[in-house]
Structure formats: C-alpha cells, structure tokens
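Here's the structure we're looking at; comments come further down.
The values are calculated or read from the model by the stated rules, or taken from the named source; none is laboratory data. These figures come from a predicted structure and were not determined experimentally. Cβ placement follows ideal geometry from the backbone for every residue including glycine, while neighbour counts extend to all protein chains displayed.
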C-alpha cells in the first residue's frame, strides 16, 4: 500500500509539471550520472517487542551504533526541458559499507508464573559490546524531480540550477555483524531530495553537469537476524551526494 501510494505521488508530480504551459518548445533529454555518497551516521534505533498476559511478560530490544564509509551513487533519468525549468523521472542506486566495528546493544527479559504454585520466575540478558561489523546499506530510489535553470547569468552557456524531488526508496541492509550473517532485509519508504548544480554545453546536443544533492529516506524497518534478540530496527538513510553527469538532448 505504501509503495503504491509513493508511486502515485511521483507520477502525479511529473504529470502536473509536464502539463504546465511554456513559452518555448519542450525538448526531451536523457541523463547519466555518478559520484560519491556521504552517508550521515544512521540511527539504527531498536524497536521494543513487548508482550504482556496474565501469565507472561516479554520485552526485548536491539540497537546498533556504527558509521559508514564514503560510498557511491549512479543512476539516470529521462526528462523534458521546458525552457526555464525541467521535469524528470530518475532512477538511482546508492551504496555504503560500514566501519569495521559497531556498538551492539541487546536486551531481553521474560517473566512468567509457574503453575500450580504460581511462582513468578524471571530470565533476562543484556549486552553492550564493540563487535566486528561488515554491513552494507543500500538505497534504490525512484524520484520525480523539478529543476529551475538560471539562464544567461554566466558566460559560455554555463547554467546554474536548483530543485528537488519526491518519490520512494527501497532501503536494504545486508552483511555481517558480530560474526553473524545478516539476512537481507528491505523496506520501501517515502523519499525526497533537494539540490543545486551547474551545467555547461559540450556540443549543441550534449552537456555536462555537476551538482550536490541531499537525499533522505527515513524510518526504514530493517532487521538484524539471526543471532540477536529482537533484531528489528528503524534506520534512516540521509545522504549527501556529489554527482557528475552527461545530459543528451533528444
């Protein structure tokens, strides 16, 4: 349901902007780009599993604290240049590997009554350790973007632009943590981005661009398992991307 809603929002945004009037003829284009991904430290906050009945109490949680190395971004888009602004549909992939260690915190407690004497018994376990880490955090995104071009303010056809977009991202965690292979887990969440850059013509139909984007896909429901108590976590994918690319006019 969330995936369908996000795709509908993206499609509506593109349709709305593409239907806007323009004094100039619309020109189609395609772009390819790549660059560096600088991921903010993800907040792998553990979700608490609590169950209480007349005979049982159970509570557990997990959290992981680690940083991620510089990763990479690559993708492409198809768009329409309306003269002063551009609308486009973009597909992109971002990938980042974790540092070699992570702080792993787990806790669980179980309490229950033992019939027939109704004696209450409690079992619990907690840990807070620095453990080996070899995690990979990825995001596959589909975005509907709008960019505004500032024409004729710089020489040689150099054109600054600003803009952003909305859409959805499939966030994925995989790898190893504390010697345990993490079962790959995905979640599709709402995503948005803002950015700015400059483009410069190479030929009449080809231009090069350089831009910065801040990309956000928050609250992905991921899982660290097996081997950890209550391995469900919420993760934020907040990324600073520096991109270089080529745009071909159709």
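Give just the number: which of (1) surrounded by fewer than 18 Cβ atoms within 10 Å (Cβ to Cβ); (2) touching a residue at least 60 places away in the same chain (Cβ under 8 Å); (3) under 15 Å from the mean Cα position of the chain (by Cα) does residue 218 not satisfy?
Among (1) surrounded by fewer than 18 Cβ atoms within 10 Å (Cβ to Cβ); (2) touching a residue at least 60 places away in the same chain (Cβ under 8 Å); (3) under 15 Å from the mean Cα position of the chain (by Cα), the lone unmet condition for residue 218 is (2).
Would you point out the residue of region 203-212, among those that are surrounded by 13 or more Cβ atoms within 10 Å (Cβ to Cβ) and touching a residue at least 40 places away in the same chain (Cβ under 8 Å), that is nearest to residue 28 (Cα to Cα)? Write out each step before concluding.
Kept after step one, since they are surrounded by 13 or more Cβ atoms within 10 Å (Cβ to Cβ), are these residues of region 203-212: 207-212.
Applying the additional criterion that residues be touching a residue at least 40 places away in the same chain (Cβ under 8 Å) yields 207, 209, 211.
On the way: 207: 13, 209: 16, 211: 20 Å.
Only one residue fits best here, namely 207.
Take the residues of region 179-193 that are part of a strand (DSSP E or B) and exposed (fewer than 14 other Cβ atoms within 10 Å of the Cβ): which is nearest to the chain's Cα centre (by Cα)?
184
Assess whether residue 70 counts as being more than 18 Å from residue 171 (Cβ to Cβ), surrounded by fewer than 16 Cβ atoms within 10 Å (Cβ to Cβ) and within 25 Å of the chain's Cα centre (by Cα).
Yes; evaluated as a whole, the condition is true for this residue.
Can you name every residue in region 52-67 that is loosely packed, with under 12 Cβ neighbours inside 10 Å and not in a strand (DSSP E or B)?
Here is the first cut: in region 52-67, the residues loosely packed, with under 12 Cβ neighbours inside 10 Å are 52-54, 56.
Within region 52-67, 53, 54 meet the criteria.
Give me the pairs, please: first residue somewhere in region 152-165 and part of a loop (DSSP other than H, G, I, E, B), second residue anywhere and surrounded by 17 or more Cβ atoms within 10 Å (Cβ to Cβ) and at pLDDT 95 or above, beta-carbon distance under 9 Å, and either six or more positions apart or on two chains.
Qualifying pairs under 9 Å: 152/159; 153/159; 158/199.
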